[in-house]
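Got a structure for you, written out below as structure tokens; questions coming shortly.
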Amino acid sequence: MNPPSSSPVETRNPPRAPVVQDRPGRLRALGRLIRPHHWVKNFFVLAPTVFAAVYHDPAKDVRAVAAMLVFCASASAVYVPTDRLHPLKRHTRPLASGAVPMATGRILLAILLAIVAASLVAMPSLLLPIGLYLLLNAAYSWRLKHVAVVDLFCVATGFVLRVWAGARAVDVPLSSWMGVTTLALALYLAAIKRRQELATSGHEARRVLGMYTLPLLDGYAQTAASASIVFYSLYVIDVRPQLVPTVPFVLLGIFRYSYLVQTRNLGESPTEALWTDVPLILTVVAWAGICAWTLA
């Protein structure tokens, strides 16, 4: 008698052994979940400390850096629950792929929120900007990211809230010029990001991309870039004339970033462009160095 043959289902779909991660692998997955490479965005929190020329005060420096770290924790707390929501990337992200168990993700989220809450008790001046940032991101994840143009302004408003938090942390008024310049620059980055997502991944990358066209997003980006240059120049001339030598570096940075978008397709991730392009890094460092030196 011949032995019984395996069923077709068993043959086609053999059971898979569970994936077991070593500790370094789990730590790397947790690191990817909180996205520390995106924390570079939170350097916007330090802008009021530099432009108000109060960085010579160690106490204010500590408060400014503390505010930046609170925003890092807040941003990571936003990233954790949205880890599985991107239509294309959700299967490679830590929670969605199973590299980080859901229970671990919930614990991490609770820890991050506890850090934010404790920080706000210690620095109550940050309560309003941080609270608005978290509410904005909740509304963005729930609905606003699907509304054309509004999604761009939600992303840009997050940067304005960072600058406002930095001003409140060191107890200086937020310049209207700085707020408008930050909004324009952030709109430029957001429009470029959507443009590259649409160009490289099509409408499947995000639902809202079906409402955009490449020429429309190019127009938005050009308008925002021009506005950021004009507003920054007016701010420098009107409020900080000693910073006029920094204007060429702002132009160079925007031109270089536009070049990277068109030739290397790096616009989908501004942080990747900043971390990987040496001329852009040097431009930012030179701009920051001139600001610090002339305002000392």
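Every read-out reported here was derived from the displayed coordinates using simple, explicitly stated rules and does not represent laboratory data. All figures in this text were calculated on a predicted structure; none of them were measured in a lab. Counting neighbours? That spans all protein chains shown, and the Cβs are built from the backbone with ideal geometry, glycine included.
With labels modelled as points extended 7 Å from the Cα through the Cβ direction, what inter-label distance (nm, one decimal) is found for LEU128 paired with VAL247?
Computed distance between label sites LEU128 and VAL247 equals 3.3 nm.
When MET123, MET178, MET102 are ordered from fewest to most other Cβ atoms inside 10 Å of their Cβ, what list results?
Going from least to most buried by this count: MET102, MET123, MET178.
Peptides 205-217, 164-176, 68-80: what's the order by average Cβ count within 10 Å, highest mean first?
For the peptides 205-217, 164-176, 68-80, the packing ranking is 68-80, 164-176, 205-217.
What does the charge dipole of the stretch 175-296 about its Cα centre add up to, to the nearest 20 debye, if the Cβ of each Lys and Arg holds +1 and the Cβ of each Asp and Glu holds -1?
80 debye
Let me ask something else about it. How big is the stretch 116-196 along each principal axis, measuring the range of its Cα positions in Å and listing the largest first?
On the principal axes, the stretch 116-196 reaches 39, 30, 16 Å in Cα extent.
Further question on the same structure: Could you give the radius of gyration (one decimal) and Dmax (whole number) of the Cα atoms in the stretch 160-234, in Å?
Rg and Dmax of the stretch 160-234, Cα atoms, are 15.2, 45 Å.
Per residue, how much space in cubic angstrom lies within the convex hull of the C-alpha atoms of the stretch 37-174?
110 Å³
Starting from the Cα-Cα distance between HIS56 and SER269, subtract it from 0.36 nm times their residue separation and give me the gain in nm to one decimal.
Contour length minus the Cα-Cα distance gives 73.3 nm.
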